[in-house]
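Take a look at the structure set out below.
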Amino acid sequence: MIIDTHCHLNDQRYFDDLDEVITRAKEHNVKGVLIPGADPRELPRAVEICEQNENIFFSIGVHPYDLEFYNEDELLKYASHPKCIAVGECGLDYFRLPKDEVEKEREKEAQKEIFIAQIKLAKKVQKPLIIHIRDASEDSKKILIEHNAKEVGGVLHCYNASPILLELDKHGFYFGIGGVVTFKNAKKLVEILPQIPIEKLLIETDGPYLTPHPHRGERNEPWYTTFILDRMSEILEIERAKLEKIILNNTYKIFEEFSKHS
Ligand SMILES: [Zn+2]
Ligand SMILES: [Zn+2]
């Protein structure tokens, strides 16, 4: 059994056929999904999906691209929902910063501020973090350590293969492996994968984005985690069924609720 620890099932690209998406997942033994928070305006939809499906959970958080919608009081209202099991996705994303130096710094500072606020929020509600990092590994690592994110731990979702983040293993963090690992040009991730402690590996689609080979170019969905698992098993030279079991156990450790509903 596989649990997709990061799929935006509340995205509008799933509006028309969500039931089929969930059915296909079950048919392929993908029996749980975590819907990460990104744009808080999409939270009600996440809650609705979770209330209709036993093994689907959500998290509260604001993606670095949606900073302007951060409102702690609003998020806290959702924190006590029985299906809310994490905080995020939050973090730093320096991929599309403004060109102007002053504005660039301002944007970075704004991202850091909201990131730190969410680490504090996670500690307040005692839930693990879902971390989003793009082109900002140094700063993200520094903030996570300085603000003692270890207290709640979490997952570096869609782990970007940066060696400097490996150390976060010692700070209670897991590594979410997604479709990128199946890409022909995924050299960095393929090389670093065996360096991640095996008891820290998680699996995710990040659907509707980052669709794995051989479906690249299409919308991503939870059952495609099977292709990610196939590739991981190949790279790590661990029997697929054995690896599946290890990853499931890892998932239960960091997102305990899944173990009660499986
Ligand atoms: Zn992300
Ligand atoms: Zn995401």
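The values are calculated or read from the model by the stated rules, or taken from the named source; none is laboratory data. Everything numeric here is computed off the predicted structure, so don't read it as measured data. As a convention, Cβ positions derive from the backbone with ideal geometry for all residues, glycine included, and neighbour counts pool all protein chains shown. We work out accessible area using only protein heavy atoms, side chains counted, and drop any ligands, DNA or RNA first. Shrake-Rupley method; radii C 1.70, N 1.55, O 1.52, S 1.80 Å.
Using C-alpha pairs under 8 Å with a sequence gap of at least 6, the mean separation divided by the residue count of the chain gives a relative contact order of 20 percent. Shape summary of the range 62-106, radius of gyration then Dmax from alpha carbon positions: 14.1, 44 Å. Each of Val125, Ile145, Val180 was scored by the projection of its Cα onto the charge dipole of the range 109-180, and the greatest displacement toward the positive side belongs to Val125; charges sit on the C-beta of Lys, Arg, Asp and Glu.
Distance between the 7 Å Cα→Cβ label points at Glu113 and Lys253: 3.7 nm.
Assuming charge only on the beta carbon of Lys and Arg (+1) and of Asp and Glu (-1), the dipole of the range 159-246 about its Cα centre is about 160 debye to the nearest 20. Within the straight-line cut-off of under 13 Å between alpha carbons, the aspartates and glutamates reachable from Lys127 are Glu89, Glu151, Glu256, Glu257, sequence neighbours fewer than 8 places apart in one chain being disregarded. P(r) of the range 74-213 in 10 Å steps, Cα pairs, percent per bin? Taking all Cα pairs of the range 74-213, the binned fractions are 11, 39, 35, 14, 1 percent. The Cα atoms of the chain cover 48, 40, 34 Å along the three principal axes, with the biggest extent listed first. Taking the protein heavy atoms of the range 43-194 in the context of the full set of protein chains, the accessible area attributed to carbon and sulfur is 50 percent at 1.4 Å. Applying 1/(1 + (r/R0)^6) with R0 = 30 Å to the Cβ-Cβ distance of Glu74 and Lys187, what FRET efficiency is obtained, to the nearest 0.05? Result of the calculation: an efficiency of 0.10. On the principal axes of its alpha carbon atoms, the range 147-189 extends 37, 17, 13 Å, with the longest extent given first. Loop-resident chymotrypsin sites (Phe, Trp or Tyr not before Pro) (DSSP state other than H, G, I, E or B) in the range 13-78 with no more than 10 further Cβ atoms inside 10 Å of their Cβ: Phe15. Subtracting the Cα-Cα distance of Leu67 and His261 from 0.36 nm times their residue separation leaves 66.6 nm of extension gain. Taking the Cα centre of the range 105-156 as reference, the dipole from Cβ charges on Lys and Arg (+1) and Asp and Glu (-1) amounts to some 300 debye. Note on the range 6-114: Lys pairs 8 or more places apart or on different chains, Cα atoms under 29 Å apart, count 9. Normalised by 2.2 N^0.38 Å, where N is the number of residues, the alpha-carbon radius of gyration of the range 166-256 equals 1.03. Here the chain is assigned +1 on the Cβ of each Lys and Arg and -1 on the Cβ of each Asp and Glu. Its dipole about the Cα centre then comes out at about 680 debye. Taking each residue as 0.36 nm, the span from Glu239 to Arg219 lengthens on full extension beyond its C-alpha to C-alpha distance by 4.4 nm. Per residue, the chain reaches -11500 deg cm²/dmol at 222 nm when only DSSP H runs of four or more residues are counted, each adding -39500 (n - 2.57). Projecting the Cα atoms of Gly91, Val102, Leu67 onto the dipole axis of the range 11-160, where Lys and Arg carry +1 and Asp and Glu carry -1 at the beta carbon, places Gly91 farthest toward the positive end.
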